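Colleague: If you scroll down you'll find the structure; I have some questions about it.
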Amino acid sequence: MADLHVKVGDVGLRNPVMPASGCFAIEYAEALDFNQLGALVIKSVSPQPRAGNPTPRVTETHGGMMNSIGIPSKGLEHYRREVLPPYTQFDTPVVVSISADTVDEFAQAIEEMSLPEVAVIEANISCPNLEADGMAFAMTPETTYKVVSAIRRRTQHPFWVKLTPNASHIAAVAKAAEEAGADALVMGNTVLGMSIDVRTRKPKLGNVMGGLSGPAIKPIALRMVHQCYRSVRIPVIGCGGISNAEDAVEFMLAGASAVQVGTASFIDPGAMQKIIDGLHAFCDETGVAHIRALTGQVRLDRQLSDRWLRFAQQSG
């Protein structure tokens, strides 16, 4: 049987499959053996309590879904006491995702959550930045560098930086995160969109706009993973529309060292286990001994590839 072990920086995973933050809860243990996953990524927590966005918060779309949850949270103290402990009972690395409104809040929260039982901290900088009129931290290289460098000064823990596909210069943003001290990138999150009920003429989400996820965004996410991979030396974790093993392989060929699964788990709670099983079958069928050997192995014409890379770096 093929070896599915991968490394994301200094963190070793038994396989490259893990949940995306916000798409996973402890109740999934009824459908999955958590000891079979590569990592356990918990829903983002904010330092201060949040009520979340107005309802309705979720709506279906063609090829996916849209959400505007607003990352409701009861704060770090409740999180450490009630949310985190059940996940640490498994023999699988725990990834804590942090969302915050300011640079200082981010740095302080991540310092507080740099606990021995936490393997990795994911800094969700695709959330709104109140110091920049609500624009996400990861929208520009400058704000990305500022928040990531502040985090790096406050922790020695491995930390991954979650970027947004809504940024116009993703290669530059990825490079800024690397230079500021990120150990890996998570590319990415939902694509901003909108949906309207033609009968009521009202938006289908209470917050008017929301994030599109699912198979509909896969080509966008795949392209951005490849752009990041070609622009940085740190590992990239792919996320966006992954529904099966072939999707996961595509992301690895594009440059991902591991993948996160989100919307697919809402449709089928056992989706991640099926993806892991499918990766074993794919490797056996194609003669791949170590799945990590797939990372970045998309076959490109060299001259075309170099020209494309220059264009990608210029355009983001």
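Colleague: How many residues does the stretch 35-64 hold that are over 15 Å from GLU122 (Cβ atoms) and assigned to a strand (DSSP E or B)?
Modeller: Final tally of qualifying residues: 6.
One line per residue, one yes/no per condition, for (1) more than 24 Å from ALA176 (Cβ to Cβ); (2) of a type in the set (Phe, Trp, Tyr); (3) more than 16 Å from the chain's Cα centre (by Cα); (4) open to solvent by less than 20 Å² (accessible area, probe 1.4 Å):
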| position | (1), (2), (3), (4) |
| --- | --- |
| ARG223 | no, no, no, no |
| GLY240 | no, no, no, yes |
| ALA245 | yes, no, yes, yes |
| GLY255 | no, no, no, yes |
| LEU279 | yes, no, yes, yes |
| GLU285 | yes, no, yes, no |
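Colleague: Now for a different question. Looking only at the stretch 145-195, count how many residues are of a type outside the set (Val, Ile, Thr), more than 18 Å from GLY241 (Cβ to Cβ) and either without any contact (Cβ under 8 Å) to a residue 12 or more places away in the chain or not in a loop (DSSP other than H, G, I, E, B) (or both).
Modeller: Of the residues in that region, 20 qualify.
Colleague: Checking the structure you have, find out if any residue of the stretch 125-137 is under 22 Å from VAL95 (Cα atoms), in a loop (DSSP other than H, G, I, E, B) and open to solvent by 10 Å² or more (accessible area, probe 1.4 Å).
Modeller: Scanning the stretch 125-137 turns up at least one residue that is under 22 Å from VAL95 (Cα atoms), in a loop (DSSP other than H, G, I, E, B) and open to solvent by 10 Å² or more (accessible area, probe 1.4 Å).
Colleague: Please state which of the following conditions LEU32 fails to meet, knowing it meets all the rest: (1) assigned to a loop (DSSP other than H, G, I, E, B); (2) closer than 16 Å to GLU122 by Cα; (3) in contact (Cβ under 8 Å) with a residue 60 or more places away in the chain; (4) not hydroxyl-bearing (Ser, Thr, Tyr).
Modeller: (2)
A quick yes/no check of all residues on (1) charged (D, E, K, R); (2) open to solvent by 50 Å² or more (accessible area, probe 1.4 Å):
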residue	(1), (2)
ASP3	yes, no
LYS7	yes, yes
ASP10	yes, yes
VAL17	no, no
ALA29	no, no
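Colleague: Then there's this: Taking interchain pairs and intrachain pairs at least six residues apart, which have beta carbon atoms under 6 angstrom, with the first residue in the stretch 81-105 and open to solvent by 30 Å² or more (accessible area, probe 1.4 Å) and the second assigned to a loop (DSSP other than H, G, I, E, B) and of a type in the set (Gly, Ala, Ser)?
Modeller: PRO93/ALA39; PRO93/ALA119
Residue-wise test of (1) of a type in the set (A, V, I, L, M); (2) within 27 Å of GLU117 (Cα to Cα); (3) within 19 Å of the chain's Cα centre (by Cα); (4) open to solvent by less than 40 Å² (accessible area, probe 1.4 Å).
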{"site": "LEU32", "(1), (2), (3), (4)": "yes, yes, no, yes"}
{"site": "ALA39", "(1), (2), (3), (4)": "yes, yes, yes, yes"}
{"site": "ALA51", "(1), (2), (3), (4)": "yes, no, no, no"}
{"site": "PRO54", "(1), (2), (3), (4)": "no, no, no, no"}
{"site": "ILE69", "(1), (2), (3), (4)": "yes, no, yes, no"}
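Colleague: Name the residue that is most open to solvent (accessible area, probe 1.4 Å), counting only residues in the stretch 196-219 that are of a type in the set (Gly, Ala, Ser) and in a loop (DSSP other than H, G, I, E, B).
Modeller: If we take residues in the stretch 196-219 being of a type in the set (Gly, Ala, Ser) and in a loop (DSSP other than H, G, I, E, B), then GLY206 is most open to solvent (accessible area, probe 1.4 Å).
The values are calculated or read from the model by the stated rules, or taken from the named source; none is laboratory data. Fair warning: this is a prediction, and the values are worked out from it, not measured in the lab. A quick note on method: Cβ atoms are made from the backbone with ideal geometry, for glycine too, and the neighbour counts reach across all protein chains shown. Remember, those area values only see protein heavy atoms, side chains included, never the ligands or the DNA or RNA. Shrake-Rupley method; radii C 1.70, N 1.55, O 1.52, S 1.80 Å.
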